[in-house]
Amino acid sequence: MTLIKRMLASGMVSLLAVLGAAAPAAASAPRVEDLGVPLEDELLIGGVVAPGPGGRTVLWGASSGAPAHLNAVDPATGAEVGRYDLPGAAGSWAVDAVPDGSVYVGTYGDGRLYRWTDQGGVQDLGRPLPSENFIWTVAAGEGATVYGGTSPGGRLFAYDPATGVRDYGRLSPTHAYVRSVSYAGGKIYAGTEAPAAVFEIDAASGATRQLPTPDGLDPAGKWAYDVNVAAGFLYVRYGEATPGPLHVWDIAAGQWTDTLDAAHGLDVSPPDDAGAVYLVKSGELVRYDPRTKATTGTGMSITGRVANTRGIGWAELGLPDYPGKSIVGLLWRGLMFRYNPQTGARSFVQTGVRGEPIDVTALAEGPDGRMYAGGFLNGGFAALDPVTGKREEFHTFSQSEDMTAHDGKLYIGAYPEARVYAYDPALPWNSTEYSPSPEPGPAPNPARLFDLAADKQIRPRALVSAGRYLAAGTMPDIGHLGGVLAIWDPRTGALKHSQRNVVQDQSIVSLAYRDGVLYGGTSINGGQSLPLPTQPEAKLFAWSVKENRLLWEIVPAPGKPAIPALTFDDRGRLWGIAGGEVFAVSTAARKVVERVTLSGIKSSSGQLAFNRRDHVLYGAHAGQYVFSLDPRTGRHTVLRQGPVHQLAVHRSGDVYFAEGSRLFRLTRQQMR
């Protein structure tokens, strides 16, 4: 490998053409220690109560994993009575049962449709619409027909085993998501993302009309998140994943007739003999009669941040306190609830749904010297012993975007709403948000400090210790561009400063701090798939913490969409990674002074960290391999090929990295 001569005399940027366009030659493979799967938990998103194996009523739930699974649970015991692979699927929001006894599952990632029958098990039906990679919802039609809604094209489809797929097309030129679908009386009802709209589609002709928005409701910023038909009424919950108003539409009268505040979703139950439905409202299971508009509490509290039902319906349990039919349902972590209207009996039962490995999305050393890992979607929070590499604790928690240690605590950035928490390892874990039925106890730990939902932010992608402060950089929600730079003061318990669009229309995805100045790397993308970027390339900026002002910004990697990682070396140079380039910046001169080419890729993924034990940079290149790079010579070496997206250096000099759900470690002795 050749080091190109530095052009220091002319003041021009020196180039380290270590590789050119080809991948660097791998050194002899180091011995890598596999630490196993630190994060494993149940995550049920879509579900339904319906006949299962042998015709017995079960709780069906789709659990996220690799692959995802369709699970059948006995509502009387909580035992698993069926578990079916969904090959090629990571998870599902969309599960429903149709009148012929089939259960359909629509999945995300590849937008596939699956059908379960008692005789044949699960059949992979492929992608109903090749342009769509996410089936958000499926709803039972007549016979064996199911209807589904998708993104990113905002399309509606039907599937019948006898006739195949019918594409109803895009419901609205301004909407990319058909978020929720229900069917009754020859009509399909479909809800979209913000600005929320609800459509009624004639199943036979395909004729479409948009229902009027409820009086007083501003659809901007709200989704028609849940759409359900029961006994002649259409229930539409407007908002997002958190509780929101549930509006009631009388189908025969053609008008909105009532509103219930703080409904949790995701579904209302099938009606009882009087046409009333059960749902979770303000943290309690309630009965609602749309004709009298009466809401009656059951006394059954379902609390925590995510108290949405993952399938709710009726089942005969055959238990002494549960005569006749009881309301049963699943919660997102595999907990089952049940309530009997005759006796008032109620209970929670942990089901036999098995946990699945969770992909690691955040790695950091904590203030106690342990390594911490946070996960994707299912979330989870794990602490690992740095000596043994064994998991010492695990807790249910939100999806983590980043973690960092600061002043004796571990700070966690969580999705959605760009929430930031502080965890004190010296105190007991007590997450009141992430327990479906928490017992009274000590103060929350992690403690929720702030969120940036009001600024339309969704992902706190970058956290860094900044002197006495904690700094966070975020990515915005769907429909928005422009991240926030937030500076939190732990001493006052308040934000010192919070500002959106520090760099216009760009997210903040990496941060570093030195001598009173924050340095941020941006991304031209938002935190979701839409809208499309308005800017051509990512930037590096400098921000005065004391003065709350932008000092300068540059483009260190022309043409690259993101700078996902920044780190200082021991000589005070700021290093970053962007696509297939690693660069060094003189912050005094405000320019790039070194550049190493790994490849010509323009990926938004990458990791980079400086190891103060051996004075070497370690990184992850575009989810392809782990590498080391000597900042003095530019020489870099591939240490391990693999789908690596997360990497962190421990104070011992050990390097931790994740390949999907598995965690690995390279020790300093192995890297010499």
How far apart, in nanometres, would the label points at ALA252 and ARG31 be if each is projected 7 angstrom from Cα along the Cα-to-Cβ direction?
7.8
With 5 Å bins from zero, work out the P(r) of the range 82-136 over every alpha carbon pair and list the percent per bin.
5, 22, 31, 25, 13, 4, 0
Kirkwood hydrodynamic radius for the range 191-320: how many Å is it when counted over pairs of different Cα atoms?
15.4
If each part is reduced to its alpha-carbon centroid, the range 167-184 and the range 455-508 end up apart, in Å, by 34
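Taking a probe of 1.4 Å, how large is the accessible area per residue of the range 44-91, in Å²? Write out the running numbers ahead of the final one.
Numbers: 1380 Å² over 48 residues.
Ligands and nucleic acids excluded, the figure is 29 Å² per residue.
To the nearest 20 debye, what is the magnitude of the charge dipole of the range 358-517 about its Cα centre, counting +1 on the Cβ of each Lys and Arg and -1 on the Cβ of each Asp and Glu? Intermediate values should be presented prior to the final figure.
On the way: 14 positive and 19 negative charges, 63 e Å.
Here the size comes out at about 300 debye.
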Provide the gained length on full extension for the span ARG448 to HIS497, in nm with one decimal, where the gain is 0.36 nm per separating residue minus the Cα-Cα distance.
15.9 nm
Given an 8 Å cut-off on Cα distances and at least 6 residues of separation, report the relative contact order of the range 216-351 as a percent.
13
Would you please put 176-182, 491-497, 646-652 in order of how densely packed they are, using the mean number of other Cβ atoms within 10 angstrom per residue and starting with the highest?
176-182, 646-652, 491-497
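Nearest 0.05, what FRET efficiency do ARG549 and GLN641 give at R0 = 51 Å with Cβ-Cβ as r?
Values: r = 44 Å, r/R0 = 0.86.
My answer for the efficiency is 0.70.
How charged is the neighbourhood of PRO219? Take every other residue with its Cβ under 14 Å from the Cβ of PRO219, and add Lys/Arg as +1 and Asp/Glu as -1.
Working: positive: ARG179, LYS222, ARG237; negative: GLU193, ASP215, ASP218, GLU240.
Result for the neighbourhood of PRO219: -1.
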Which links in LYS496/LYS602; LYS222/LYS496; LYS187/LYS222; LYS281/LYS496 stretch past 26 Å when you go from one Cα to the other?
LYS496/LYS602; LYS222/LYS496; LYS281/LYS496
Residue separation between THR296 and GLN504 times 0.36 nm, minus their alpha-carbon distance, gives in nm 69.9 nm
Please check which bits of the range 589-604 a label hung off ASP570 would reach, taking the label as a point 7 Å along Cα-to-C-beta and the cut-off as backbone N under 20 Å.
594
13 Å beta-carbon shell around TRP116, net charge (K/R +1, D/E -1):
-3
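If we count every other residue with Cβ under 13 angstrom of LEU452's Cβ, Lys/Arg +1 and Asp/Glu -1, where does the sum land? Spell out each step's value before the answer.
On the way: positive: ARG419, ARG448, LYS456, ARG459, ARG461, ARG500; negative: GLU401, GLU417, ASP451, ASP455, ASP477.
Summing Lys/Arg as +1 and Asp/Glu as -1 gives +1.
By per-residue mean of other Cβ atoms within 10 Å, what is the highest-first order of 84-90, 521-527? Don't skip to the answer; put the middle values down first.
Values: 84-90: 18.3, 521-527: 26.1.
Sorting 84-90, 521-527 by mean packing, highest first, produces 521-527, 84-90.
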All Cα pairs of the range 350-483, percent lying beyond 27 Å
19
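Per residue, how much accessible area does the range 532-646 have with a 1.4 Å probe, in Å²? Show your work: numbers first, answer last.
On the way: 4220 Å² over 115 residues.
Ligands and nucleic acids excluded, the figure is 37 Å² per residue.
Defining a contact as two alpha carbons under 8 Å apart and six or more residues distant in sequence, what relative contact order in percent does the chain show?
Details: 2024 pairs, mean separation 67.9, N = 672.
About 10 percent, as a whole number.
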Quick calc, ASP160 & LYS602: beta-carbon distance into FRET formula, R0 35 Å, rounding 0.05, result 0.25
Identify, among ILE251, VAL306, ALA203, the residue whose Cα sits farthest towards the positive end of the charge dipole of the range 192-308, taking +1 on the Cβ of Lys and Arg and -1 on the Cβ of Asp and Glu, with the dipole about the Cα centre.
VAL306
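Hey, what does the equivalent ellipsoid look like for the chain, semi-axes from the Cα gyration tensor as sqrt of 5 times each eigenvalue, largest first, whole Å?
In descending order the semi-axes read 47, 26, 25 Å.
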Could you look at the range 73-180 and say what percent of its accessible area is carbon and sulfur, using a 1.4 Å probe and all protein chains?
47
Gain on full stretching of the segment that runs from ASP368 to THR303 - 0.36 nm per residue minus C-alpha separation
20.3 nm
Label-point separation in nm, PHE348 to VAL387, each point 7 Å along Cα→Cβ
3.6
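The values are calculated or read from the model by the stated rules, or taken from the named source; none is laboratory data. These numbers were taken from a predicted model, which means no experiment stands behind them. Positions of Cβ are generated from backbone atoms using ideal geometry, with glycine treated the same way; all protein chains shown enter the neighbour counts. Just so you know, the surface numbers come from the protein's heavy atoms only, side chains and all, with ligands and any DNA or RNA stripped out. Shrake-Rupley method; radii C 1.70, N 1.55, O 1.52, S 1.80 Å.
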